[in-house]
Amino acid sequence: MSIGCRIIRDFKRPDAALVARFHEYPVANIDDCMGRIAAVNNAIEPIGKGHLCGPAFTVRVPQGDNLMFHAAMDLAKPGDVIVIDAGGFEDRSIFGELMASYCKSRGIAGIVCDGAIRDRDGLAAMEDFPVYARSATPNGPYKNGPGEINVPVVIGDKLVRPGDIIVGDGDGVIIVPVEIAEQVADATDAVMKMEAGIMDKIVTEGTYIRPWVEEKLKSIGCDIINSL
């Protein structure tokens, strides 16, 4: 076995119906149901618009090298999100518009890169293909390897394993471990329904009832004076 140079061609993906439940969830609502600590580092930002959702197809590359990403593009399946652990290195890009376009043509759902991209304008203009990255630079990548495919990686300070569910929107990216995904989906459904009710009252009645606010203020010893 070559240490640090390994390709696992396939893995067990979560049930498609389970993944589909996350397609319409805002990342913020999911994060609320995961202790509000599950989102990746906010340095990894959306390059374009669109909602990202799919099972993680993981790639680890050396700083500024994309050989393993070239291999991954041909192995990932439609609906997968390619997640690239580039070590947060920002001085050399891992991919640009050409490689992203090829991924899109194969039905891949999007790419999250803990590193740099290039062709920012072209990537931002792509429709229905969300890309997230730490930065952009015109400096292109080397293609020397080594690297690994479909092993646990770290993206924006969060562990990602092959098959974990990746969700992204304009707020950022969240990783949902597959073993708790159904529980998280149920909890997020409940939050969505609750917030829909609150929004309805705001729009139709102009009210936003939050009795806990005054209770919290009193609990921290805040003096509340009705008038001066």
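The values are calculated or read from the model by the stated rules, or taken from the named source; none is laboratory data. As the structure is a prediction and not an experimental result, all values here were calculated from the model. Positions of Cβ are generated from backbone atoms using ideal geometry, with glycine treated the same way; all protein chains shown enter the neighbour counts.
Observations
- Segment 34-69, subset surrounded by 23 or more Cβ atoms within 10 Å (Cβ to Cβ) and of a type in the set (Gly, Ala, Ser), residue nearest to GLY107 (Cα to Cα): GLY54
- Residues in segment 4-46 that are out of contact with any strand residue (DSSP E or B) (no Cβ under 9 Å at 6 or more places or on another chain) and closer than 17 Å to ILE82 by Cβ: ASP10 only.
- Flag if THR137 is closer than 16 Å to ILE175 by Cβ and among the hydroxyl-bearing types (Ser, Thr, Tyr): no
- Unique residue being assigned to a loop (DSSP other than H, G, I, E, B), over 18 Å from ARG36 (Cβ atoms), at pLDDT 95 or above and not aromatic (Phe, Trp, Tyr) when the list is GLY122, GLY115, GLY163: GLY163
- Of the candidates PHE11, PHE57, the single residue that is of a type in the set (Phe, Trp, Tyr) and within 23 Å of GLU127 (Cβ to Cβ) is PHE57.
- Criterion (surrounded by fewer than 23 Cβ atoms within 10 Å (Cβ to Cβ), more than 16 Å from the chain's Cα centre (by Cα), more than 26 Å from ASP15 (Cα to Cα) and not aliphatic (A, V, I, L, M)) met by exactly one of SER105, SER101: SER101
- Residue that is nearest to GLY48 (Cα to Cα) [pool: residues in segment 125-145 that are under 15 Å from the mean Cα position of the chain (by Cα) and in a strand (DSSP E or B)]: VAL131
- Test for CYS53: is it touching a His at 6+ places or on another chain (Cβ under 6 Å), in contact (Cβ under 8 Å) with a residue 24 or more places away in the chain and not aliphatic (A, V, I, L, M): yes
- Residue in segment 168-179 that is in a helix (DSSP H, G or I) and of a type outside the set (Phe, Trp, Tyr) present: yes
- Among the candidates ASN66, ASN41, the residue that is under 19 Å from ASP169 (Cα atoms), polar (S, T, N, Q) and touching a residue at least 12 places away in the same chain (Cβ under 8 Å) is uniquely ASN41.
- If you go through segment 146-156 and keep only what is over 12 Å from the mean Cα position of the chain (by Cα) and either without any contact (Cβ under 8 Å) to a residue 24 or more places away in the chain or part of a loop (DSSP other than H, G, I, E, B) (or both), you end up with PRO146, ASN150, VAL151, PRO152.
- Selection of segment 181-228 for residues being among the charged types (D, E, K, R), under 30 Å from ALA38 (Cα atoms) and assigned to a helix (DSSP H, G or I) yields GLU182, ASP186, ASP189, LYS193, GLU195, ASP200, LYS201, GLU214, GLU215, LYS216.
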